[in-house]
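Since every read-out is calculated from the coordinates, none of them should be taken as a lab result. Keep in mind it's a predicted model, so treat the numbers as computed, not measured. Positions of Cβ are generated from backbone atoms using ideal geometry, with glycine treated the same way; all protein chains shown enter the neighbour counts.
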Amino acid sequence: MARQVLRRTRSSGDLEEASVAERAIGLSLRELHDFAGARRHLRRSIQIAESIGSARLAALASISLAYVLSHFGRHRQALQLIDSALPELSGEDADHARMQRGVVAHYLCRYTDALRDYDHAIEAARRTGDALGEARARNNRGLVRAYCGGLRRADEDFSRAAELYASLGQELAVADVRWNAGISAQRAGDIPRALTMFSQADDEYRRLDVPRPQLLVNRLELLASVPLLDEARTTADRVIAEMRSSKLTHGLSESLFYRAQVALQENDLAGAASFAAEARGLFRREKRDVWEASARYLELRAAVLSGQRTRVLCTAIIKVADELESLGWRMSALEARVDAGQVALDMGDVRRAESQLAVAARSRQRGAASHRVHGWYAEALRRKLSGNVRGTASALRRGLSLLDEYRVSLGAAELRALSGAQGKALALEGLGLAVASGAASQVLSWAESWRAGALRMTPVSPPDDPRLEDAMGELRSVSGDLEAAVLAGRPSNALRQRLVRLEQRVRDLTRQASGGGVVHRPPSLSRLAGALGSSALVEFVQYDSALLAVVVVDGRASLHRLGEVEGAVREIRLLRFALHRLVTLPPDTPNRSVARASAAHAAKALGERLLAPLQRRIDGRSLVVVPTGALNGLPWAVLNRQVTVSPSATVWLRASSVAGGAGSSVLAAGPRLAAAPAEIEAISAHVPDNKVLVGAAATVSAVADAMDGARLAHVAAHGSFRVDNPLFSALELADGPLTVYDLERLHAPPSLVVLSACDTGQSAVRPGDELMGFTAALLGLGTRTLIAPVVPVPTDGTAPLMVDLHQRLASGMAPAEALAAVQRDDDLGYAAGVGFVCFGAG
């Protein structure tokens, strides 16, 4: 429209109208994130206005140009431009200019100045009945309040702004408000609401076809805070590349900042320091003091984590903490003070350590959950300084308990599992106290306080959202199309990209579930012993580089030191490799016997390392084993013991209390597995009241519906474990993959599940020995026992073993006992038998 006006003014000579049209084009390009084009047209608008002596039009275009200059990081120049334009404006024009000055002050993190200008703009808009002006100022003021901690008042501003924009038909502006409300929710620790707001806003941006690349930075901040590290890293690298190519300095500096945060959490200290240094340089040029101080802190934290301990470093951290505190960024200041206290303590400067920790500890009583958790950690370290061991332990437990309360508010199992990383420092400090005391019961208690915490929480079903149903259905369809294209040798890149987008859509929608329920506390030793009976519990614990074991037998706990954990990791790697070779090598090849011998050698070494030192205590008892993360993926049957494996003693006790299901049974076979239908048919003779689903009948919806409330579910299919995203690990069925996300939608999972599918017992391990995969999903929902392989298993050797297993189950054997009884000596039978693990109650 503006270009049409410009063409008309060439003949009419109406330069005033031409100036207005140039400004309109500049504003439009600004919304489309073409800032270079916007700057060009706005400058032309100013030139035309000045040529005809219209100070008002020149000033209005200057105000608009100031906003664009801020996106190039030229905030000082933007402020000067506004201040020089303000005397030429009056009335509503001046009020709008004051609001724009607030925006630039906002970018500079001069929050007090920004609030003053926004307050003025709101009052002026209300006085003159300017609904649009009030909505804009309230939206901006809400965002400042969110960053300064006034979260309730921020939401009030967002609510009123959305109401005003909606009444004016401003759909794009309503979407912007939703996005800002998501930022506020994130700062309050309400991750599901933040994700919901971001998703709704993103849907609206797509519908309106308006780009918002800068908003990816806010999403990046949320991903880093959960932390969803893999996704955050990928997103950060993409955003940084986009910001560099589009020369959006403002977005680039923040993207580098969050990329540094991700690198720190992944222990990439050199990368963290490099990203933070580049971000700090950009923030300095942009005159954004609080961001510059925050980036400086990330550099200093990288130095702390690398082991540096100097007085200069300690002083620098305290200086940046003071600066962050004065600028209103309390969480970063709190973290910096804890680091300063620890550095001072390591250097023997107790007075300085006490001073910094005491200031940080004040945060334990107020603020967002993350602030209070960190505050309790600081208080624990402060109490430790005075030798108050009991008080230290109490503060650490308060922090972990508070973290549990926060985590249970998250509905998605993925978010619950990953947010456990925030308790690492508290749990390790408590575990250190227990190990130093030498008390086995205390080591067990501290290991359980953090281990697999997400599985101690009441499960929450994904949101009942038609969009999620559609996305999952489309995901299965595209997955099938992709597989067909690959098998036929057709181009598949477009399908792969579509599949990636659909997977992200499913993740985003699932994460919006609100949480609730209870957190099951770790059991007392006496309660655990009562449930064990004659069995022995062996809980493995990693502390620093050492592997420990707590054994509970007949109500008494003992602590055992098993050497360096790295040795066990190496032997497990060799064992898994040998078993994989045993399955994949052709029969009657010399290498097959070598693989069998290698597997036997690794198994013997693991037995001597893990169980031989415990022999006096465990004797010939059946075992309940709780592995630490380093032992995940060990096929425990190679140790020639009846073993039940559980993510934690708490989860085992809860699974043991689940009554056996009284429903029917479902037996299903997936496609492209020749032996699967025969396996199901043979098993059906030993499983009463069964529903058999094979061929085209074995669809995802049919199998999932039959599993809901079933007594037993047995699925024979091709299985896959997704290292990149364990929740998309899948069983291949007639119409596509049945994923972990599908299982999470079950209302009443089967009491006993047998997955005759490669790798489906594998789990990804996250901090806190949090598991992600089929095992965690089923045990978390309430399945009593899962039998599944943690390695690839041979088709020919697996079917007979499964039939034998069900025969023994039908005779009344417990699952763990039945699995131990079906082990075989021939190569394929051995590879199949030892690959399966009994999880849960056993």
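Here are the numbers for the structure shown:
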read-out: Inter-label distance for Ser306 and Glu564, nm, one decimal - labels placed 7 Å from Cα along Cα-to-Cβ; value: 2.5
read-out: P(r) histogram, all alpha-carbon pairs of the stretch 213-305 included - 10 Å bins from 0, percent; value: 20, 53, 26, 1
read-out: Simple spin-label estimate for Ala696 and Gln77 in nanometres, 7 Å along Cα-Cβ; value: 6.8
read-out: Charged-residue dipole, Cβ positions (Lys, Arg, Asp, Glu), the stretch 213-305 about Cα centre, Debye nearest 20; value: 340
read-out: Kirkwood hydrodynamic radius (C-alpha pairs) into Stokes-Einstein, the stretch 466-510, 4 °C and 1.567 mPa s, D in µm²/s; value: 121
read-out: For the stretch 437-447, 3J(HN,Hα) per residue [Karplus equation, 6.51 cos²θ - 1.76 cosθ + 1.60, θ = phi - 60°, Hz, x = Gly/Pro]; value: 6, x, 8, 4, 5, 6, 4, 4, 4, 6, 4
read-out: Relative contact order [Cα under 8 Å, 6+ residues apart], the stretch 706-842, whole percent; value: 22
read-out: Size of charge dipole - the stretch 525-630 - debye, nearest 20, with Cβ of Lys, Arg +1 and Asp, Glu -1, no other charges; value: 180
read-out: FRET efficiency for Arg244 and Glu156, using Cβ-Cβ distance with R0 set to 45 Å, rounded to 0.05; value: 0.75
read-out: Val666 long-range amide H proximity, modeled H, under 5 Å; value: Lys691, Leu712, Ala713, His714
read-out: Which listed pairs, of Lys247/Lys319; Lys287/Lys424; Lys319/Lys384; Lys424/Lys604, have C-alpha distances above 27 Å, in listed order; value: Lys247/Lys319; Lys287/Lys424; Lys424/Lys604
read-out: Nitroxide proxy distance, nm - points 7 Å out along Cα→Cβ at Asp209 and Asp346; value: 5.6
read-out: Top positive-direction residue, dipole computed over the stretch 525-630 with Cβ charges, set Thr589, Leu532, Val551; value: Thr589
read-out: Furthest towards positive pole of dipole, Pro466, Ser441, Ser477, structure part the stretch 436-481, Cβ charges; value: Ser441
read-out: Modelled FRET efficiency - R0 25 Å, Ala597 with Arg573, Cβ distances, 0.05 increments; value: 0.90
read-out: Alpha-carbon centroids, the stretch 1-64 and the stretch 182-245: separation in whole Å; value: 33
read-out: Shape of the stretch 677-757, Cα gyration tensor, a/c cut at 1.5; value: prolate
read-out: Burial order of peptide ranges 383-395, 701-713 (average beta-carbon count within 10 Å, highest first); value: 701-713, 383-395
read-out: Calculated from backbone phi, Karplus (6.51, -1.76, 1.60) coupling profile of the stretch 310-321 in Hz, x at Gly/Pro; value: 9, 5, 4, 5, 4, 4, 5, 5, 4, 4, 6, 5
read-out: Over the chain, relative contact order from alpha-carbon pairs under 8 Å, at least 6 apart, %; value: 7
read-out: Binned Cα-Cα distances of the chain, short to long, each 20 Å bin given as a whole percent; value: 14, 41, 31, 12, 2, 0
read-out: Highest-first arrangement of 515-523, 742-750, where packing means the average Cβ count within 10 Å; value: 742-750, 515-523
read-out: Rg over Rh [alpha-carbon atoms, Kirkwood Rh] for the stretch 653-840; value: 0.93
read-out: Three-way shape call for the stretch 121-160 based on the alpha-carbon gyration tensor, with the a/c threshold at 1.5; value: prolate
read-out: About the Cα centre, charge dipole magnitude for the chain (Lys/Arg +1, Asp/Glu -1 at Cβ), debye; value: 2100
read-out: Considering only the chain, percent of DSSP beta bridges that pair antiparallel, nearest 5; value: 55
read-out: Share of alpha-carbon pairs per 10 Å distance bin for the stretch 525-630, given as whole %; value: 15, 37, 28, 16, 5, 0
read-out: Karplus-derived HN-Hα couplings along the stretch 285-292 (A = 6.51, B = -1.76, C = 1.60, θ = phi - 60°), whole Hz, x at Gly and Pro; value: 5, 7, 6, 9, 4, 5, 5, 4
read-out: The stretch 1-90 - Kirkwood radius from inverse mean 1/r over Cα pairs (Å); value: 12.9
